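Worksheet: the structure to be examined is printed underneath.
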């Protein structure tokens, strides 16, 4: 495996560490600063808004200028956003804090291209393993992110959450230095005479439709329940270290399977692995519905993470089979836009959903969405759909 793929795995670990840090504290900060329950998860929601707004431009920019230029710009935006969020905390301003998380979201949106950059750096037969390796960088994040949220509470005498954003600054600085040194492929020359299909033509493919739906619903469900978990656990009097530990094991569930998900895809097919992911997501909802003790949250969130891993890595591999080289930026960009739009809806609804509906109803609402993905994937003829997607335009 090329060294650039290993480097991208480390960059993914740093990005994900920052994401976990934000998940651990953003809803609680919103609860501290918001004047109305509907605004509790505003910082998380605008973070996803920033992410969504960055997805299409980031994909097209990297196709034109190369991955390195795009990733350097993304990390610089992350540094700026962290500084703005710190000003919001210092002034106890929800507006300033949300502006900071919006910019951080843009940086995260650019960083979502790490797994696609890994595909550019290796042969096609190595794609499942490369995706898995980059996503496996999240194992380091599972250890670093929640612990950083706990350790940083003592780094500042005033607000206990300010230290977390100093930690986030450090992560973005290290990631910026790594990307600057990493040998990444330059922009790929594209023959402008080659036909690029319209979105309507692209989404007529069962393969692309199944890939995007799997990514959207897998990410939407995980963000809905993961964002709601700190609020639900806090409501049931679980201490912050217990909340951070549940998030940590949840993230381990998200990324530890990455060490073998690629092999499972090669051995059993992408379709089957995504179906296993849907089963894990369903079991997660059922465990969450069975009680509100620490071990219910622990097991439910662990299964949620495993389900996301199988659905998201599987969806990414299906997506890579659905476009021609000249359509790369277009398809990757619209996929990220739709997937993280679903995540934004989940994050926006999480806080108000816990307050108005309760934890149980959020889990019940996820079940028909999971069933929809399972039906689409069950009906997919993966080999035939991939061959049709790769065929040249007539």
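Being farther than 18 Å from residue 365 by Cβ and not in a helix (DSSP H, G or I) is the filter here; which residues of the stretch 251-291 pass it?
Result: 256, 257, 269, 291.
Only one of (1) at pLDDT 85 or above; (2) surrounded by fewer than 17 Cβ atoms within 10 Å (Cβ to Cβ) fails for residue 253. Which number is that?
(2)
Picking from 130, 107, 117, which residue would you name as being under 18 Å from residue 49 (Cβ atoms), within 18 Å of the chain's Cα centre (by Cα) and part of a helix (DSSP H, G or I)?
That would be 107, the only listed residue that is under 18 Å from residue 49 (Cβ atoms), within 18 Å of the chain's Cα centre (by Cα) and part of a helix (DSSP H, G or I).
Whether any residue in the stretch 311-325 is assigned to a helix (DSSP H, G or I) and under 25 Å from residue 234 (Cα atoms) is what I want to check. Lay out the reasoning, then the answer.
Of all residues in the stretch 311-325, those assigned to a helix (DSSP H, G or I) come to 311-320, 325.
Adding the requirement that they be under 25 Å from residue 234 (Cα atoms) leaves none.
Looking through the stretch 311-325, none of the residues is assigned to a helix (DSSP H, G or I) and under 25 Å from residue 234 (Cα atoms).
Which condition from (1) over 19 Å from the mean Cα position of the chain (by Cα); (2) surrounded by 24 or more Cβ atoms within 10 Å (Cβ to Cβ) is the one that residue 3 breaks?
For residue 3, the exception is condition (2).
Yes or no, residue by residue, for (1) over 22 Å from the mean Cα position of the chain (by Cα); (2) at pLDDT 90 or above; (3) under 26 Å from residue 102 (Cβ atoms); (4) surrounded by 14 or more Cβ atoms within 10 Å (Cβ to Cβ):
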position	(1), (2), (3), (4)
343	no, no, yes, yes
348	no, no, yes, yes
365	no, no, no, yes
381	yes, no, no, no
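Name the residues in the stretch 256-271 that are surrounded by fewer than 24 Cβ atoms within 10 Å (Cβ to Cβ), touching a helix residue (DSSP H, G or I) at 6+ places or on another chain (Cβ under 8 Å) and without any contact (Cβ under 8 Å) to a residue 60 or more places away in the chain, would you?
The answer is 264, and nothing else.
Which one of the conditions (1) under 23 Å from residue 121 (Cβ atoms); (2) surrounded by fewer than 22 Cβ atoms within 10 Å (Cβ to Cβ); (3) modelled with pLDDT of 80 or more does residue 80 fail to meet, given that it meets all the rest?
(1)
The values are calculated or read from the model by the stated rules, or taken from the named source; none is laboratory data. Just so you know, these numbers come straight off a predicted model, no measurement behind them. With ideal geometry, Cβ positions are generated from the backbone for all residues, glycine too; neighbour counts draw on all protein chains shown.
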